[in-house]
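The values are calculated or read from the model by the stated rules, or taken from the named source; none is laboratory data. Computed from a prediction, not measured in an experiment: that's the story for all the values here. Cβ placement follows ideal geometry from the backbone for every residue including glycine, while neighbour counts extend to all protein chains displayed.
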Amino acid sequence: MLGGPINFVNPLSVLESPGTLTGDFYALNFEKKAKSGRVILNLGPQHPSTHGVLRVLCELDGEYVDRAEPVLGYLHRMHEKMGEVKTPWQYIPNLGRVDYLHPLAWNWAYVGAAERLAGLEVPERAEYLRVIGCELNRIASHLLWWGAFVMDLGGFTPILYAFEEREKINDILQIITGSRLTMANFRFGGVCADGDERFFRLIREFIPYLRERLKMYQGLVTDNIILRRRLEGIGPIDVDMCQRYGATGPILRAAGLPRDTRRDYPYSVYPKLEFPIPTGPINDCFGRYLVRLREIETSLAIVEQAINQIPDGPVIMDKAPKATWKLPAGESYWAVEGARGQIAVHLLSDGGKNPYRLKLRAPGFSNLSLFAEAAQGTLLADAIAILGSLDLVIPEVDR
Amino acid sequence: MLKAIWDNIKGLYSLVVGLSITGRYLLSPVETIHYPRQVVDDEILASFRGPIQLTLGKKDPAQTRCVSCQMCVKACPGHCLKVTKGEAKAPVAWTYDFSYCCLCGACVESCPTGALEFSHKVYLVTVSREELIFDLLADLKKRAATRAEAPTPTGSAATGSASIAASAGSAAPAPPAAGTAAAAAQPSPKPAQA
Amino acid sequence: MDLSLAIFVQIIVAALLVIGLMVGNAVVMVYMERKVAGFIQRRPGPYEVGPWGTLQALCDSMKLLAKQLYRPGNVDIILYYLAPILAFFPVLLLFLPIPFGPYLTALNVNEGIILILAFAGLGVLSNLLAGWSSNNKYSLLGAARAVSQTVAYEIPMILALLAVVFQCGSMDLKNVTEQQGAWPWEWNVLTQPLAFFIYVVSLVGETNRAPFDLPEAESELAAGFHTEYSGMGFALFFLSEYANMLLVSLVAAVFFLGGYKGPVADGFWWIFIKAYAIMFFLVWIRWTFPRVRFDQLLNINWKWLLPLSLLNLWLTAIIVKLLI
Amino acid sequence: MTFDPEKWLTSWRQAGAWSLSRHDPAKEGLRVSAFLPPQALVRCAQELRAARYSLLDISTLEAREGLVVTYHFDSLDEPARLAFRALVSRKKPVAPSLYEVFQGAEWHERESADFFGLIFEGNPNPIPLLLPDDLPGPPPLRKKEADLAPLAKLGLLGQAEILDPDFGDLIGQPVGSGHQGSQAC
């Protein structure tokens, strides 16, 4: 009994005699701690607003969520084990599958960790192409989040507007990555393909276009009184909570701390680019919403500078590692800023054919872990809003 | 109290703004492409990485450049390639199981002779797993035959090293692909359009 | 005796016509909803079945009819099957007093609006039974929401209509129509703009349409009270939802927009044009706005609509008293 | 505020660290790390919490000497990533839970428990997180005896200053070795 409401027990019997529930291991474990007279609602794994296959067990007091516990693992594919049975090169396509909305950042975290470990030099043009790809990808990720979040709140149209932009970004990224979803154009020591004239032309056309569209988003969604009333003051997540749960990315920035791996641990050509780090005026759902929308503008600014600064040159180093390349022995922990927070890869090698151990630090994993505390005592609808505001991509959480 | 009323009136105005935006889009033309009747531009497909195929031979298009060195087979993370070496260097069988392929390009990039490239097959549809196991040598012969009927100028001299877009030797050699081939050879932000 | 037999036959014929109207309305509305949603979202909507997808709704209803009636385990069987029927049939009755044209009324009753409002309250019972009997927690929550929402939104709705009743001095729908003129400036909407606004807002709440579609809020409660219904059970809920929409829109047309009266020639076409204009507006806002939260929904009702409608009623009463 | 590695090295030395390492942040991504005795973990985590550090992740790996549990921390105020590690026996893998200090540790610990069969004492909800509750077989990331690499080879101790003699014996580096290197770094 995996999904849906926990077995078919009459809701009345829950009120009369708790303890008669049957369910799977997780449901029973959750139910053990439930107070009497409470309804236990099983949101997911198949549920319209759990973004894939997250499952949340909720103990409801009326419509108030008294206790919530996310149950993970429905999309677990053991990417860490796959990292140990494939050569470093062969593992690169896997990274696109870890987080399909911001695959290039995951590519970068892994490739970057290996490059640090092996001491590879990346040509500057490749670094710029990485920045452009990663930032466009971040915009695409935030756009999809924006649409899905508004859909969680009951507005169906924005997600399709977001997809229009997303398709344009996919058209652009397809030129340098060859695919539209699970992109993987990063190679050790560079990227696999150069952008052509059309690539830069499309980006130049896209930047003013998206800026215009962002104004439309403002009118259609951001200023909408219903949306504001749904989000303002809901689910405050302060710095202390972020610290205790290790939350990063827009959640931490909405809490008021300008932490951004691109700035704190400057990598690639980010030091040459000027961009603000948006921090939220408020730490509630609406603050997180605003931070993400501003990050779209920030990323646009970065891309605009990058396409103007990009130098000529090769896009991959000479004698770049091949598919059978071995990592030198050692340890490397390297992080990049993904759309959801700090993506880190802990890569250890004993000099063998495959990496010895690969640990993927998924920002969504830490961000989701605070949901139980943030959702406590909120209405069910607010809990859904909080869940949406965390920007979850379940494949990334489950890995 | 008064402020609350004023806020609500302003809020009602925001609803009108939202309605005007969706109303505008209601009257604007649709954005989608209606697939069987319309298709996306070839320009977009030119950079799409579909299932791999063998590059047409230099002298005889039907003759593959593959020398059965097994580099691609070793590089493939999905173990989807099978190359059987014949008497000479040339392969006698070249099987490609697309159902295991993750389109990473390891084979294309590791091929020392540039015998592999990505196709631009977007509309590939099969109803069974078996149909996804391609015999690439037969496919090459078929393409060579079509090409012989309608010869088109291509610039597919690029060795399969770095550029994914360099695979311009397919049946639909779009100008942008040739342009990227030039860009890969001598990268610059604005390569000369071929 | 003869007269009562004639009325009986008239009602039977009218009921059959109304069933036809309800089904036809659902077909039109499904098509309109999907087409409007499609164009708002910049896609074509239904396209393949029939010219411009016009037969899509018919095909959908065929599919629903042909589907197996799947019943989950441990449901309360009687109530489970009773609920969709109960949702469908009271709505039939509600169309009887509506004056579709100068001589096109199924049942002339003096207190037509009372009849409509009284039976409109029955609809919520079916939601409650559906949610209760289907042995699903989402359904139960949806049913609880449906009851409190519908009960709450009926009050400002009644009060808004009552203001018009005060003004016209009649509860007879035909009489109310006759007192309005053909042109828009002769309609009640000009004399009762606040009542019209309140009525339209509570109409959205009453028919459980987005942004007030809390009982079936899909991102929270999967599908709310009808989560466990498939096939014909679902189709009946669907029919009754659209029939309810048509009904309240017709009432709005009668009370505020001059009913069957219109420029050039009076007739049933005017009332339908007006009703479908209101329904188009309902569809439009559904695809524009996010959903409100449940407590906000009730706050809007009790803190804003109810005082406003009372104020409106009071003002109307004073003005009517002074003028007469 | 600038990062002062000495502060943490001193604090860990007092806590009875087995070894202390300085790292090259550009290459390894960390400033300092230390092997701490398991009983000192919670206290050191509390110090980090008081200094506004947050727990990034818990990364476990199996080496020949035992299971190494690496706790990665980052400061909320400055770029100062650091880590401390615990070495636990492969036969009886028990480590203390950091749940009381960093609530986010609960999930990371459960993940390590899934993958390596580690037991975290004090975890409030010690049930499988990512793997199903009825998964047969050993924990998936445990390696075969023959595949295990020694700690020294994995670069965890590159420039380490060994403080504990038993630990030094275990990893084959005497106390005080690597000290010069650590100073030079």
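At-a-glance table
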quantity	calculated
Answer residue from segment C:9-66, given it is within 21 Å of the chain's Cα centre (by Cα) and of a type outside the set (A, V, I, L, M, F, W, C) and is modelled with the lowest pLDDT among those	C:Ser61
Which numbered condition A:Ile176 misses (of (1) crowded, with 23+ Cβ neighbours inside 10 Å; (2) within 14 Å of chain C (Cβ to nearest Cβ))	(2)
Contacts under 7 angstrom Cβ, first residue in segment D:150-162 being within 7 Å of another protein chain (Cβ to nearest Cβ) and on the phi > 0 side of the Ramachandran plot, partner part of a loop (DSSP other than H, G, I, E, B) and surrounded by fewer than 23 Cβ atoms within 10 Å (Cβ to Cβ), 6 or more apart	D:Gly155/A:Ala329
A:Val221 being modelled with pLDDT of 85 or more, of a type in the set (A, V, I, L, M, F, W, C), under 18 Å from A:Glu135 (Cα atoms) and crowded, with 17+ Cβ neighbours inside 10 Å	no
Among residues of segment B:127-141, those that are exposed (fewer than 12 other Cβ atoms within 10 Å of the Cβ) and of a type outside the set (A, V, I, L, M, F, W, C), counted	3
Candidate set from segment D:78-100 (those that are within 8 Å of chain A (Cβ to nearest Cβ) and surrounded by fewer than 24 Cβ atoms within 10 Å (Cβ to Cβ)); member that is farthest from D:Gly155 (Cα to Cα)	D:Glu78
Selection status of B:Tyr123, farther than 29 Å from A:Ala320 by Cβ and of a type in the set (Phe, Trp, Tyr)	yes
Failed item, numbered, when A:Ala362 is tested on (1) small (Gly, Ala, Ser); (2) under 27 Å from D:Phe84 (Cα atoms); (3) facing another protein chain (nearest Cβ under 7 Å)	(3)
Subset of segment B:23-72 [outside any loop (DSSP other than H, G, I, E, B) and either free of Cβ contacts under 8 Å to residues at least 24 places away in the same chain or touching a Gly at 6+ places or on another chain (Cβ under 6 Å) (or both)]	B:Gly23, B:Arg24, B:Tyr25, B:Leu26, B:Leu27, B:Ile44
Any chance A:Glu212 is farther than 26 Å from A:Gly313 by Cα, within 14 Å of chain B (Cβ to nearest Cβ) and free of Cβ contacts under 8 Å to residues at least 40 places away in the same chain	yes
Segments classed as helices (runs of 4 or more DSSP H), wholly inside segment D:2-51, with at least 1 members that are touching a Cys at 6+ places or on another chain (Cβ under 7 Å) and more than 11 Å from chain A (Cβ to nearest Cβ)	D:5-14
Residues located in segment A:53-109, provided they are β-branched (Val, Ile, Thr) and in a loop (DSSP other than H, G, I, E, B)	A:Val53, A:Thr87
Criterion violated by C:Ala235 - all others in (1) in a helix (DSSP H, G or I); (2) surrounded by 22 or more Cβ atoms within 10 Å (Cβ to Cβ); (3) in contact with a Leu (Cβ under 8 Å, 6 or more places away or on another chain) satisfied	(2)
Test: residue in segment A:285-300 that is buried (at least 23 other Cβ atoms within 10 Å of the Cβ), in the same structural domain as A:Glu197 (by TED's automatic domain parsing), under 27 Å from D:Trp107 (Cα atoms) and among the polar types (S, T, N, Q)	no
Scope segment B:77-90; condition within 24 Å of the chain's Cα centre (by Cα) and under 17 Å from B:Asp135 (Cβ atoms); matching residues	B:Cys80, B:Leu81, B:Lys82, B:Val83
Verdict on C:Thr54 being under 30 Å from B:Tyr25 (Cα atoms) and among the polar types (S, T, N, Q)	yes
Members of segment B:88-132 found to be touching a Phe, Trp or Tyr at 6+ places or on another chain (Cβ under 7 Å) and not in a loop (DSSP other than H, G, I, E, B), listed by number	B:Tyr96, B:Phe98, B:Ala106, B:Val108, B:Leu132
One residue from C:Ala275, C:Ala265, C:Ala217, C:Ala253 being touching a residue at least 40 places away in the same chain (Cβ under 8 Å) and either within 14 Å of chain A (Cβ to nearest Cβ) or out of contact with any strand residue (DSSP E or B) (no Cβ under 9 Å at 6 or more places or on another chain) (or both)	C:Ala217
Complete set of residues in segment D:121-149 that are more than 10 Å from every other protein chain (Cβ to nearest Cβ), in contact (Cβ under 8 Å) with a residue 24 or more places away in the chain and over 19 Å from A:Phe365 (Cα atoms)	D:Glu121, D:Gly122, D:Pro139, D:Arg142
A:Glu373 being on the phi < 0 side of the Ramachandran plot, of a type in the set (D, E, K, R) and either outside the structural domain of A:Tyr270 (by TED's automatic domain parsing) or in contact with a Gly (Cβ under 9 Å, 6 or more places away or on another chain) (or both)	yes
Some residue of segment A:180-188 being touching a residue at least 24 places away in the same chain (Cβ under 8 Å), under 16 Å from B:Leu45 (Cα atoms) and surrounded by 24 or more Cβ atoms within 10 Å (Cβ to Cβ)	yes
Considering residues of segment C:138-149 that are free of Cβ contacts under 8 Å to residues at least 60 places away in the same chain and surrounded by fewer than 24 Cβ atoms within 10 Å (Cβ to Cβ) only, the residue farthest from A:Leu60 (Cα to Cα)	C:Val147
Search result, residues across segment A:241-272 that are crowded, with 18+ Cβ neighbours inside 10 Å and more than 9 Å from every other protein chain (Cβ to nearest Cβ)	A:Gly249, A:Pro250, A:Ile251, A:Arg253, A:Ala254, A:Ala255, A:Asp260, A:Arg262, A:Tyr267, A:Ser268, A:Val269, A:Tyr270
Scope segment A:183-194; condition closer than 13 Å to A:Gly133 by Cα and either not assigned by TED's automatic domain parsing to the domain that holds A:Ser299 or not in a strand (DSSP E or B) (or both); matching residues	A:Met183, A:Ala184, A:Asn185, A:Cys192, A:Ala193, A:Asp194
Scope segment A:224-240; condition crowded, with 19+ Cβ neighbours inside 10 Å and more than 14 Å from chain B (Cβ to nearest Cβ); matching residues	A:Ile234, A:Gly235, A:Ile237
Some residue of segment C:19-35 being within 26 Å of C:Trp269 (Cβ to Cβ) and in contact with an Asp or Glu (Cβ under 8 Å, 6 or more places away or on another chain)	yes
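Okay, residues lined up against (1) of a type in the set (A, V, I, L, M); (2) assigned to a helix (DSSP H, G or I); (3) modelled with pLDDT under 75:
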site: D:Leu141; (1), (2), (3): yes, no, no
site: D:Ala149; (1), (2), (3): yes, no, no
site: D:Lys153; (1), (2), (3): no, yes, no
site: D:Leu157; (1), (2), (3): yes, no, yes
site: D:Glu161; (1), (2), (3): no, no, no
site: D:Asp169; (1), (2), (3): no, yes, yes
site: D:Val175; (1), (2), (3): yes, no, yes
site: D:Gln180; (1), (2), (3): no, yes, yes
site: D:Gln183; (1), (2), (3): no, yes, yes
